[in-house]
Amino acid sequence: MANDFVIIAIDGGAGSGKSTTARMISQRLNYMHVDTGSHYRLLTHWFLKGKISPEELLNEETLTKLQLDSVLTGTSCRMRINKEDVIDSELRTEQINEMVSIYSALSSVRKHLFNYQRSLVKFGQSNKFQGIIMEGRDIGSVILPDADLKLFLFASEEIRNQRREAQGLIDSIKKRDRLDSERKNSPLIATSNSIHIDTGSISIEEVYLLIIEHIKKL
Ligand code: DC
């Protein structure tokens with residue numbers, strides 16, 4: 001572990017409890033929280049607004065116009081495109097849920113985010129956090145393969161649907177998971193050294209305590 005700065009990768013499907021867990025850990029341990037799903041959602045929002053089709057993005061030039069930077073709100077690190085702030089609820093619409101897996105399967109899009117996402121470790125260190133907890137689909141496998149701790153969260157489809165309903169969101173969980181798991185570029189995957197946690201069978205506090213036990217062992 002470099003400089004006592006803890007690097008945690010947390011992956012899992014839609015509604016698996018990644019965000020709730022990552023937020024709780026980040027706030028209690030002063031780790032910077034990065035939700036990479038929101039990066040793909042923000043890019044999707046931008047493409048839809050600019051009427052940029054997935055085909056146009058096969059040309060990487062289109063993406064070079066997008067400058068990415070970060071802003072902090074407490075322990076949460078948010079990405080901006082060309083310094084424009086978009087509120088989170090605008091990124092969780094039915095339309096974005098429908099399209100985000102299509103855009104995020106493109107190698108040009110993933111390539112554009114790769115360096116930015118990796119650079120966030122340094123950003124977290126320079127902002128004096130104790131660690132970083134980054135959530136997504138390919139964090140343990142591609143973005144932070146040397147993470148100190150890799151977690152893979154899962155829950156039954158029924159429970160995940162119930163969670164979305166409780167949030168008042170319409171989300172095609174099953175379809176997104178299929179697209180995210182079957183794509184060629186950086187699919188949703190658990191690495192061989194990931195710790196698997198079924199978030200449907202225990203409470204969020206128990207998930208937290210389980211993870212704390214693993215952090216203590218680092
Ligand atoms: O975590 P989320 O449900 O908000 O993510 C939205 C979409 O973004 C997800 O369906 C696939 C994509 N995604 C990805 O491809 N890779 C990541 N590391 C995170 C999200």
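The values are calculated or read from the model by the stated rules, or taken from the named source; none is laboratory data. The structure presented is a predicted model; accordingly, all values stated were derived computationally and were not measured. Glycine gets a Cβ as well: all are built from the backbone with ideal geometry, and neighbour counts include every protein chain shown. With ligands, DNA and RNA removed, areas are computed over all heavy atoms of the protein, side chains included. Shrake-Rupley method; radii C 1.70, N 1.55, O 1.52, S 1.80 Å.
In whole Å, what is the distance between the alpha-carbon centres of the range 153-218 and the range 29-45?
16 Å
Provide the FRET efficiency to the nearest 0.05 for the Asn115-Lys217 pair, computing r from the beta carbons and using R0 = 25 Å.
Calculated transfer efficiency: 0.20.
Between the DSSP loop rule and a limit of at most 16 other Cβ atoms within 10 Å, which GluC sites (Glu not before Pro) in the range 1-66 are left?
Of the GluC sites (Glu not before Pro), the ones in loops of the range 1-66 whose Cβ has at most 16 other Cβ atoms within 10 Å are Glu60.
What's log10 of I(q)/I(0) for the chain at q = 0.07, 0.08 Å⁻¹, Debye sum over Cα points only, no solvent?
-0.20, -0.26
With only Lys, Arg, Asp and Glu charged, each at its Cβ (+1 for the first two, -1 for the last two), find how big the charge dipole of the range 23-144 is about the Cα centre; round to the nearest 20 debye.
About 480 debye.
Mind checking the log10 I(q)/I(0) for the range 75-176 at q = 0.14, 0.18, 0.24 Å⁻¹? Debye, one equal scatterer per Cα, no solvent, two decimals.
Those come out to -0.74, -1.21, -1.45, one per q.
Note down the accessible area of Met99, probe 1.4 Å, to the nearest 10 Å².
Per-residue accessible area (Met99): approximately 50 Å².
Count charges around Asn127 for me, please; just the other residues with Cβ under 14 Å from its Cβ, Lys/Arg as +1, Asp/Glu as -1.
It works out to a net charge of +2.
Which aspartates and glutamates, if any, have their Cα less than 16 Å from the Cα of Lys150, not counting same-chain residues under 8 positions apart?
Excluding near neighbours in sequence, the set is Asp11, Asp35, Glu135, Asp138, Asp198, Glu213.
May I have the extent of the alpha carbons of the range 14-136 along their three principal axes, as whole Å values ordered from largest to smallest?
42, 28, 23
Counting only protein heavy atoms, what percent of the accessible surface of the range 35-87 is carbon or sulfur at a 1.4 Å probe?
Reported share for carbon and sulfur atoms: 55 percent.
Taking the Cβ of Gly140 as the center, what net charge do the other residues with Cβ under 9 Å away carry, scoring Lys and Arg +1 and Asp and Glu -1?
Net charge around Gly140: -1.
Given the chain, what percent of its DSSP beta bridges are antiparallel, to the nearest 5?
About 25 percent, rounded to the nearest 5.
Using only the Cα atoms of the range 123-218, construct the convex hull and provide its projected area averaged over every direction, in square nanometres to one decimal.
Across all orientations, the range 123-218 yields a mean hull projection of 7.8 nm².
Suppose each label sits 7 Å from its Cα in the direction of the beta carbon; what would the Leu58-Ile170 distance come out to in nanometres?
3.1 nm
Just to be sure I follow the definition: excluding the sites themselves, where is the longest run in the chain that has none of the trypsin sites (Lys or Arg not before Pro) in a DSSP loop with at most 11 other Cβ atoms within 10 Å?
Counting only loop sites that pass the neighbour cut-off, the longest clear stretch is 129-183.
Quick check for the range 45-134: number of Lys pairs with alpha-carbon distance under 29 Å, counting only pairs 8 or more apart or on different chains?
14
Evaluate the charge dipole of the chain about its Cα centre and quote only its size in Debye, nearest 20, assuming +1 on the Cβ of each Lys and Arg and -1 on the Cβ of each Asp and Glu.
Using only the charged Cβ atoms, the result is roughly 320 debye.
Write down the accessible area per residue of the chain in Å², having rolled a 1.4 Å probe over the full set of protein chains.
49 Å²
Taking 7 Å along the Cα-to-C-beta vector as the label spot, tell me the Glu98-Asp69 distance in nanometres, rounded to one decimal.
Going by the 7 Å Cα→Cβ label model, 3.4 nm.
Leaving ligands, DNA and RNA out of it, rank Glu157, Glu182, Glu94 by accessible area with a 1.4 Å probe, largest first.
Largest accessible area first, the residues go Glu182, Glu94, Glu157.
If the reach is capped at under 23 angstrom between alpha carbons, list the lysines near Lys174, excluding any in the same chain fewer than eight residues apart.
Within reach: Lys18, Lys184.
Can you tell me the length gained on complete extension of the stretch Gln162 to Arg80, counting 0.36 nm per residue apart and subtracting the Cα distance?
26.5 nm
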